1. What accessible surface, in Å², does a 1.4 Å probe find on H91, ignoring ligands, DNA and RNA and rounding to the nearest 10?
2. Tell me, what is the percent relative contact order of segment 12-79, built from C-alpha pairs under 8 Å that lie six or more residues apart?
3. In angstroms, what radius of gyration and Dmax does segment 13-83 have, counting Cα atoms only?
4. Take every Cα-Cα pair in the chain and report what % of them are more than 18 Å apart.
5. How much length, in nm to one decimal, is gained on full extension between S7 and A90, taken as 0.36 nm per residue of separation minus their Cα-Cα distance?
6. For n ≥ 4 DSSP H runs only, could you compute -39500 (n - 2.57) per run for the chain, divide by its residues and tell me the 222 nm figure to the nearest 500?
7. For segment 53-108, what D do you get in µm² per second when you plug the Kirkwood radius from alpha-carbon pairs into Stokes-Einstein at 4 °C and 1.567 mPa s?
8. Using alpha-carbon pairs under 8 Å, 6+ residues apart, how would you state the relative contact order of the chain in percent?
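The values are calculated or read from the model by the stated rules, or taken from the named source; none is laboratory data. Just so we're clear, the structure is a prediction, and the values are computed from it rather than from any experiment. Surface areas here come from the heavy atoms of the whole protein model, side chains and all, with no ligands, DNA or RNA. Shrake-Rupley method; radii C 1.70, N 1.55, O 1.52, S 1.80 Å.
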Amino acid sequence: MITMQLSHYPSAIAQAAQRVNEIDSQIMAVQQLINREEGNADRVSAFDPDLKNDSQRKARRFEELLTNHEYQTAVSTLMRLSAEKANALAHLEYLRNQFSIAKLEARRAIAQQLTDFESRELVGLE
């Protein structure tokens with residue numbers, strides 16, 4: 001496990017958080033595309049005079065979306081971006097945890113130095 005200097009963690013954490021935000025933005029754009037395509041499929045199925053009931057309309061909507069290449073690509077992209085976001089969030093949390101550990105280790109080292117100094121002072125070595 002490679003650890004970085006304590007002073008480098010804040011910028012690494014900020015970069016990781018920015019990556020999560022970028023992925024969120026991409027997800028929102030893809031979700032808008034998906035919503036638009038679903039709306040188009042709803043419109044086509046709702047106003048088709050040959051369809052007699054909700055079951056037929058739902059089936060037609062499903063067919064419309066199934067054959068819509070742009071919709072299928074957007075759904076695949078959304079799934080990929082969701083996985084990327086999960087990984088980016090995990091990385092961000094990892095960095096935050098590593099930063100906490102590094103701070104605790106630094107505090108422990110300082111406390112140990114103070115304890116060593118006080119011990120030497122009591123014995124009269126200082």
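1. 90 Å²
2. Numbers: 31 pairs, mean separation 26.9, N = 68.
Relative contact order here is 40 percent.
3. 16.2, 57
4. On the way: 5562 of 7875 pairs.
Tail of the P(r) past 18 Å holds 71 percent of the pairs.
5. Numbers: separation 83, 0.36 × 83 = 29.88 nm, distance 2.11 nm.
Between S7 and A90, full extension yields 27.8 nm more.
6. Values: 3 runs with 107 residues, N = 126.
The per-residue figure over the chain is -31000 deg cm²/dmol.
7. Numbers: Rh = 14.9 Å.
Stokes-Einstein gives a translational diffusion coefficient of 87 µm²/s.
8. Details: 60 pairs, mean separation 48.8, N = 126.
Over the chain, the number comes to 39 percent.
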